[in-house]
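Presented below is the structure to which this report refers.
The values are calculated or read from the model by the stated rules, or taken from the named source; none is laboratory data. From a predicted model like this one, the values you see are computed outputs, not experimental measurements. Quick reminder, even Gly has a Cβ in these numbers, built from the backbone with ideal geometry, and neighbours come from all protein chains shown. Note: accessible area is taken over every heavy atom of the protein model, side chains too, but ligands, DNA and RNA are not part of it. Shrake-Rupley method; radii C 1.70, N 1.55, O 1.52, S 1.80 Å.
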Amino acid sequence: MAKKTIEFFSSIEGVAETFPIRPAREVLPSWVNDARKEFFVQQKNQGNALQHHITRCPGIFHLFTTGYIISAWHDLEIIGSKEGFKYNLPDKMVNTLLGKDTIQAQTPDTVAKHIPKRPWSAPSILKLNTPWHILAPNGLKFLMIPIPYTDYLDFEACMGILDPGYSSEINVQGYWNKTIGSATMTAGTPIAQLIPLTEKTYDFIVRDKNEKDEQWLRKFKYLNYMAFQFARNLIKNAYTKHVEGK
């Protein structure tokens, strides 16, 4: 039977309860409520004469209700500079819990070499590794975008396509825009939006990993490291079998 649900599971217990992945419609920017209040007041005073208001823009507000929001799962202090950045974690235990560094830098001489940067951004791309994995219906891909129309400007996610068939991990890479002084990204800060590339509507589940997920994680780790080059077809076939329960 074809899978009809999008499942997000965390490899670290407690994250799904404390800082879950949420529908975008539940994570609106703070200015939206102010704009709506203003709209209702102006509509009451002007009636049909009110022609132009931000809340009447379907392109913006449909975006706010599409897909899912990924949030930071631990506090993080970044000390930025024009040369790059350093960081501090609440405790190194978060790396132990994840099984790898939670924070990485794609430096200007490697992955970030050819990616255009904002004039005000650090030269390295900041990579935020999360404990989240996604199990989706066969063939379903996701567009990852920055948090739209946000007032949090220190971090801006890079855009890309997430195909769970090749990697079920959800990690967020982005520009660090505060190159002078330090800033703290607190746990729960929205960092990226995931939009299913489909017109279909799916149920979704957010949970901790179970034994079947643990089996997938062990298998994925092996397939991810067993070859000199990324074993795309092997991983995709293994993922499809896992999702469909074959």
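Please compute the contact order of the stretch 12-142 in relative form: average sequence separation of alpha-carbon pairs under 8 Å and at least six residues apart, divided by the residue count, as a percent. Provide the component values of the computation, followed by the final result.
Numbers: 111 pairs, mean separation 29.1, N = 131.
Value for the stretch 12-142: 22 percent.
Relative to the longest principal axis of the Cα atoms of the chain, the long axis of helix 211-225 makes an angle of roughly 70 degrees. Taking every protein chain into account, the accessible area of the stretch 93-246 amounts to 55 square angstrom per residue (probe 1.4 Å). As a length-normalised measure over Cα pairs under 8 Å and 6 or more apart, the relative contact order of the stretch 148-245 settles at 32 percent. Using only side-chain charges placed at the Cβ, +1 for Lys and Arg and -1 for Asp and Glu, the dipole size of the chain relative to its Cα centre rounds to 660 debye.
Rounded to the nearest 10 degrees, the inclination of helix 232-244 to the longest alpha-carbon principal axis of the chain is 70 degrees. Recomputing percent of Cα pairs over 32 Å apart from the coordinates shown identifies the correct label among (1) 28; (2) 14; (3) 19 as (1).
Residue pairs exceeding 32 angstrom between C-alpha atoms, taken from 37/209; 113/241; 113/221; 44/141; 37/141: 37/209; 113/241; 44/141; 37/141.
I need the GluC sites (Glu not before Pro) found in the stretch 131-236, filtered to DSSP loop residues with at most 14 other beta carbons within 10 Å of theirs. Don't skip to the end; give the middle numbers.
Details: sites: 156, 169, 199, 211, 214; in loops: 199.
Sites meeting the loop and neighbour criteria: 199.
The relative contact order of the chain comes to 29 percent, based on Cα pairs under 8 Å that sit 6 or more residues apart. Close amide H pairs (under 5 Å, H built 1.01 Å from N) link residue 173 with 128, 158, residues at least 5 positions away or on another chain. Phi angles of the stretch 177-184 translate, via the Karplus equation with coefficients 6.51, -1.76, 1.60 and θ = phi - 60°, into HN-Hα couplings of 9, 10, 8, 10, x, 10, 8, 10 Hz per residue; Gly and Pro are given as x.
Take the Cα radius of gyration of the stretch 42-138 and divide it by 2.2 N^0.38 Å, with N its residue count; two decimals is plenty. Could the numbers behind the result be given before it?
Working: Rg = 20.7 Å, N = 97, 2.2 N^0.38 = 12.5 Å.
The stretch 42-138 yields a ratio of 1.66.
Here the accessible area is traced with a 1.4 Å probe on the protein chains. For the stretch 37-132, carbon and sulfur cover 55 percent of it.
Legend: residues 87, 68, sorted from most to least accessible area (1.4 Å probe; ligands, DNA and RNA excluded), read 87, 68. Taking the charge dipole of the stretch 13-170 about its Cα centre, with +1 at Lys and Arg Cβ atoms and -1 at Asp and Glu Cβ atoms, the residue from 115, 130, 52 reaching farthest to the positive side is 52.
Set the Förster radius R0 to 25 Å, insert the Cβ-Cβ distance between residue 200 and residue 241 as r into 1/(1 + (r/R0)^6), and round the FRET efficiency to 0.05. Could the numbers behind the result be given before it?
On the way: r = 22 Å, r/R0 = 0.89.
Calculated transfer efficiency: 0.65.
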